Amino acid sequence: MRELEFAVLGPLEVRDSGAPIRLTGMRRRRLLALLLLRFPHAVARESLVDALWETPPASARQQVHNAIRDLRAALTATPATAGSGAGSTTGSGVLATTATGYRLDVPPGAVDAHRFTEGARAARAARREGREAEAVRLFRSALDLWRGEAFAGIDCPAVTAAAAGLEEERLTAVEELTDLRLAAGESATLVAELSTLTAAHPLRDALRGHLMLALHRSGRQADALAVYDEGRRLLADELGLEPGRHLRRLHTEILTDAQEERRTPKPPTTDPAPATDAPTPTRQATEDHHRPTHHSHHGHHSHHGNHLPRDLPDFTGRTAELALLNSETDAHHCTTPLTSPAAPSTIVIDGMGGIGKTTLAIHFAHRRTPDHPDGQHYIDLHGFTPDRDPLTPEEALGILLRSDGATPEEIPAGPAERGAAWRSRLAGRRALLVLDNAADAAQVIPLLPGAGDTLTLITTRRKSAAPDGARRLTLGALRQEEAETLFRRVAGESRTYEAAGNPRTDRAEEKTRTDASAGEPRTTGPAGKPRPAASLARTVTLCGHHPLALRLAATRLRDRPSWTVPDLADRLSTPEGRTALLRTADRGLMPVLALSRTRLPAEAQRLAHLLALHPSTTHDIAAVCAITGLAAPLVEHLLDTLLDHNLADEPAPAHVALPLLVRDCAQSWTPPTEPQLRTTARRLTVVA
């Protein structure tokens, strides 16, 4: 059976059961490289055209088709005939054609870059669990896959960017392996290797620090100090910067120990030497050096902590949404091993106030914490918080840097400088970041990582807050069974059961009526045999299946022993009742929903107020024009604004509906009047 292998960690090579397949022609090699970048996803034909030509010719699609045909022939031919392009075009199914493009159809392990990333992840897991010897072996095996620069010789901007990301991953793995080897007592045997690496990458503090430590442990303190001075001069000349705090501290430790050496000479240590033979200051220097730097963050000495808020013990439902989030996250981690270092994953959860965006994001973040061991960060951006302005990006970056262990002197002054420092700290790490309560895209874009394998979850009330390239999940109301389950968990099972024989309950349940607000009939059984399920269903419907409303209503029932579920439903059957009941001493639903009003233009506020007063629940463009007297283009723009802020739903194209609780809230708004918007009850009655 044929076993194709694709090697990209060096010059691009294809092997068939160990024998090389010769690929002639740069376009064919570029095409294969582009397919490998998205493996195992399909690549759209248009994407291939854009990547292969700056200015595509009219025949570009046909040329791509021809190149795919030739590449398929080369991959399905025997090694002896591959160079000539002969062979069947369909025999092995290695290169599949999809509805939109093309896809390589081989096992993930057939690509060496995938084996490298998985090997490095396994090594980090072993290190976290204290299996250092196994971690060294796994790192060595992963790094041995490299034969040179990734995708060497492929002249294509998209490929070059992916190669840079892979190189960053390689250097991070080298730094982590060196950490382990230093901790195991190696020193003199590392000097030559680290000298070469530091010369090739002179601005990487971690490599320079490792070299200083190896020299110092080998009894070459003067050389170690010279390496520091060389780096300091280079940073000053190239960037106008000083070495990082950790490198400065290591320099001080070595300098202090060198002065002690001059007073009391000691023989230099030689390899192999146990870690306990190192001088005490060097051990301290080692601990300091293992703390996070801009390039090395995976060590078990790292102090990156879990800053996530607590997960709710009664989290309920959202099965479909969690499955979607898991699918998106797994697809990012497992299917883009070549591009993930340069393209962290971002997921935006948007929805109306109180719908459970933060609860879902935190619950999901806790579930995915083991997959992101290099720090779990949380920040409330206060995009919709009463009595305070949203955080500026500069303020948010300061908070994030401090939570990541940066000292005040390490936090730059300006927003651009802070953004660069934050991205540098996250590069090469597999961290998790929750940006909660975002006001808009401009607030979150400066906080996003630039490289590494960080997952960012953003919660916001606005659909337009999603930055380019982010996946988006709009969170709606809970499903009926989920809403009932949440209500029971908060109120208690005993409080949601209506005992038979309660005269007041029986009388309340003996009639059948339809509540206009809920749009659902209320039915009961014979007197003395109430139907708890029917009353509970009606109650959660009157709460709009809205998580915060359900929690507040259930809390009311729990705290009022004399109330029954039908009592609660009766009190929730009017807008005034919902406004009064859906609140507790410390929070209320209507103030939460009303926060969205503060971000709306005045005309959109007035439009929401008018639609809330209108007896119809669903409106098309023409109906809204009649209600308001506004021209269709302006109406469409204002409706788009309400949809963007998740204050309206779109049950059908060009139709909008305000959710029940938003209607309750908007009815209480008192927007300033303007001649162009007609607000009289007579006008509303005529239109209805």
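Summary table below
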quantity: Under 15 Å, Cβ to Cβ, from Leu397 - net charge with Lys/Arg +1 and Asp/Glu -1; calculated: -2
quantity: Heavy-atom accessible surface of segment 532-663: percent carbon and sulfur, 1.4 Å; calculated: 57
quantity: Two-site label geometry, Arg28 and Glu636: point separation in nm, points 7 Å out along Cα→Cβ; calculated: 5.1
quantity: Reciprocal of mean inverse Cα separation for segment 395-459 (Kirkwood radius, Å); calculated: 12.0
quantity: Share of carbon and sulfur in the accessible heavy-atom surface of segment 1-80 [1.4 Å probe, %]; calculated: 51
quantity: For segment 122-192 and segment 56-76, distance of Cα centres in Å; calculated: 36
quantity: Debye equation applied to the C-alpha atoms of segment 353-406, log10 I(q)/I(0) at 0.14 Å⁻¹; calculated: -0.50
quantity: Over segment 102-153: Kirkwood hydrodynamic radius from C-alpha pairwise inverse distances, Å; calculated: 12.1
quantity: Net dipole in debye of segment 528-588 [+1 Lys, Arg Cβ; -1 Asp, Glu Cβ; about Cα centre; nearest 20]; calculated: 140
quantity: Paired Rg and Dmax values of segment 106-185, which use every Cα atom, in angstrom; calculated: 13.8, 43
quantity: Ser141-Asn66 FRET efficiency (beta carbon distance; Förster radius 35 Å; 0.05 resolution); calculated: 0.30
quantity: Dimensionless Rg/Rh of segment 128-254 - Kirkwood Rh, Rg from C-alpha atoms; calculated: 1.01
quantity: Residue-span extension gain [Thr256 to Glu149] - 0.36 nm each, minus C-alpha spacing; calculated: 34.5 nm
quantity: Inter-site label distance for Cys625 and Glu54 at 7 Å from Cα along Cβ, in nm; calculated: 4.8
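The values are calculated or read from the model by the stated rules, or taken from the named source; none is laboratory data. Just so it is clear, the model here is predicted, and its values are computed rather than measured. Positions of Cβ are backbone-derived with ideal geometry, glycine not excepted, and every protein chain shown enters the neighbour counts. We work out accessible area using only protein heavy atoms, side chains counted, and drop any ligands, DNA or RNA first. Shrake-Rupley method; radii C 1.70, N 1.55, O 1.52, S 1.80 Å.
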